[in-house]
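The values are calculated or read from the model by the stated rules, or taken from the named source; none is laboratory data. All of these numbers come straight from a predicted model, not from anything done at the bench. Because the Cβ atoms are built from the backbone with ideal geometry, glycine has one as well, and the counts that use them run over all protein chains shown. With ligands, DNA and RNA removed, areas are computed over all heavy atoms of the protein, side chains included. Shrake-Rupley method; radii C 1.70, N 1.55, O 1.52, S 1.80 Å.
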Amino acid sequence: MLIRVGYDIEFNLPAEVAMLATLNVHPSRSLDLLEPDEVRTEPELLVSNYFDSFGNRCTRFVAPTGRLRLTGSTLVLDSGKPDPVKLSARECPVGDLPEDVLQYLLNSRYCEVDRFSNTAFELFGDSQPGWQTVQAVCDWVHQKVRFDYSTARPTKTAMDVLTERVGVCRDFQHLAITFCRALNIPARYATGYLGDIGVPPGGPMDFSAWFEVFLDNRWWTFDARHNVPRIGRVLMATGRDASDVALTTSFGQADLCRFYVVTEEEGQKPAVAATPIAEPRASESNELLQMAG
């Protein structure tokens, strides 16, 4: 299966600003790329690439005052198979975990693990260890949390989601990640493309979030929002939570004024018209455009 992925994002900059972008396909999928995967800027700027501490490919540049447009598109070779499932996958004892995995058991910006220990064991302490426990977490979050774009906000933590029981993709994943970590199962946040391949159309295209857990000495994909194996995930970045994988980070003011994402099977007619928009719509991706400093 061939999947076309891409984006067209535009900002208005009141002043010159340094920016970081995490918009490339993840290095783990580099052999699947059939076209170059580069961040293009208008106006054309001097850009450099680097790998962050989580292994994500990132771009940095300094943009002048005025309009800034970021675009990119590539073609991805995909197996066409749904997310792998291994019901027998076992938990790894904490004492045997690789050192680089240990950080995914700890508190992070949006995942207050220390506040979830009692609740996690009350809800899931009787679940069969391993895959079954993670699936029980996903089932609970999927059933108890209501999806609503209008409730998106950049400050919402896992505890907020547990209390309010409503959110967007990233909120579902933050809550599930925090429960898993409280149960001593390493879990990390993932972001990327997930089109409506093999499922009914769901509306305008967007970036998506899911999470991964470490079982049987490898990472496995789970998704508390959709809670079913999906076809065509294209990973962009992983981190402790959404703060580590922001699509863009600006060190100064950068006002989003246009946002467009495409992810579809090549050769298929889009189920939803993917036309650029003059103003940013309600989108969880809008909450992943950070301003620092």
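What residues of the stretch 155-183 lie in the reach of a label at Ser243, counting those whose backbone N is under 12 Å from a point 7 Å from the Cα along Cα→Cβ? Residues passing the 12 Å test: 155-158. Rg/Rh for the stretch 203-256 (Cα atoms only, Rh after Kirkwood) is 1.03.
I want to verify the translational diffusion coefficient of the stretch 54-167 in µm²/s; compute it with Stokes-Einstein, Rh as the Kirkwood radius over Cα pairs, at 4 °C and 1.567 mPa s.
Details: Rh = 18.5 Å.
For these conditions, the coefficient is 70 µm²/s.
Between the listed residues Ala190, Leu13, Trp140, the Cα displaced farthest toward the positive end of the dipole of the chain, a dipole computed from Cβ unit charges relative to the Cα centre, is found at Trp140. Close amide H contacts of Asp241 (hydrogens built in the peptide plane, cut-off under 5 Å, sequence separation of 5 or more or a different chain): Tyr189.
Put Phe121, Phe116 in order of accessible area, highest first, and with a 1.4 Å probe you get Phe121, Phe116. Ranked by solvent-accessible area (1.4 Å probe, protein heavy atoms only, all chains present), the residues Trp219, Trp131 order from largest to smallest as Trp219, Trp131.
Evaluated with a Cβ-only charge set (Lys, Arg +1; Asp, Glu -1), the stretch 134-218 carries a dipole of roughly 220 debye about its Cα centre, given to the nearest 20. Sorted from greatest to least, the principal axis extents spanned by the alpha carbons of the stretch 122-220 come out as 38, 30, 22 Å.
Remark: the stretch 224-236, residue by residue, has Karplus-estimated 3J(HN,Hα) of 6, 6, 8, 6, 9, x, 10, 9, x, 5, 10, 5, 10 Hz, where x stands for each Gly or Pro and the curve is 6.51 cos²θ - 1.76 cosθ + 1.60 at θ = phi - 60°. Available extension along the chain between Asn12 and Arg60 is 15.5 nm, counting 0.36 nm per residue and deducting the alpha carbon span.
Decide, for the stretch 1-132, between rounded, prolate and oblate: order the square roots of the alpha carbon gyration tensor eigenvalues as a ≥ b ≥ c, take rounded if a/c falls under 1.5, and otherwise choose prolate if a/b is larger than b/c, else oblate. Walk me through the numbers before you get to the answer.
On the way: a/c = 2.71, a/b = 1.70, b/c = 1.59.
Prolate, because a/c is 1.5 or more and a/b exceeds b/c.
Gyration tensor over the Cα atoms of the chain: the corresponding equivalent ellipsoid has semi-axes (square roots of 5 times the eigenvalues, largest first) of 31, 21, 19 Å.
Need the full-extension length gain, Leu102 to Leu45, defined as separation in residues times 0.36 nm minus the C-alpha distance. One decimal, nm.
On the way: separation 57, 0.36 × 57 = 20.52 nm, distance 3.83 nm.
Difference between extended and current length: 16.7 nm.
Take the Cα of Phe251, go 7 Å toward its beta carbon, and the backbone nitrogen atoms of the stretch 28-66 under 15 Å from that spot belong to 47-50, 59-64.
Is the stretch 142-186 best put as rounded, prolate or oblate by its Cα gyration tensor, with a ≥ b ≥ c the root eigenvalues, rounded for a/c under 1.5, and otherwise prolate when a/b is larger than b/c, oblate when not?
On the way: a/c = 2.24, a/b = 1.81, b/c = 1.24.
Prolate is the answer for the stretch 142-186, as a/c is 1.5 or above and a/b outweighs b/c.
The overall shape of the stretch 31-109 is oblate: from the C-alpha gyration tensor, with semi-axes ordered a ≥ b ≥ c, the ratio a/c is 1.5 or greater and a/b is no larger than b/c. Placing unit charges on the Cβ atoms only, positive for Lys and Arg and negative for Asp and Glu, gives the chain a dipole magnitude near 220 debye about its Cα centre. Work from the charge dipole of the stretch 1-104 (Cβ charges, +1 for Lys and Arg, -1 for Asp and Glu, about the Cα centre) and give the residue of Ser28, Pro43, Thr74 farthest towards its positive end. After comparing all options, I get Thr74.
May I ask you to give the solvent-accessible area per residue for the chain, in square angstrom, as obtained with a 1.4 angstrom probe?
Heavy-atom SASA per residue in the chain reads 44 Å².
Given a 1.4 Å probe and heavy atoms of the protein chains only, how would you sort Glu99, Glu10, largest accessible area at the top? Mind dumping the intermediate values first?
Numbers: Glu99 155, Glu10 25 Å².
The ranking, largest first, comes out as Glu99, Glu10.
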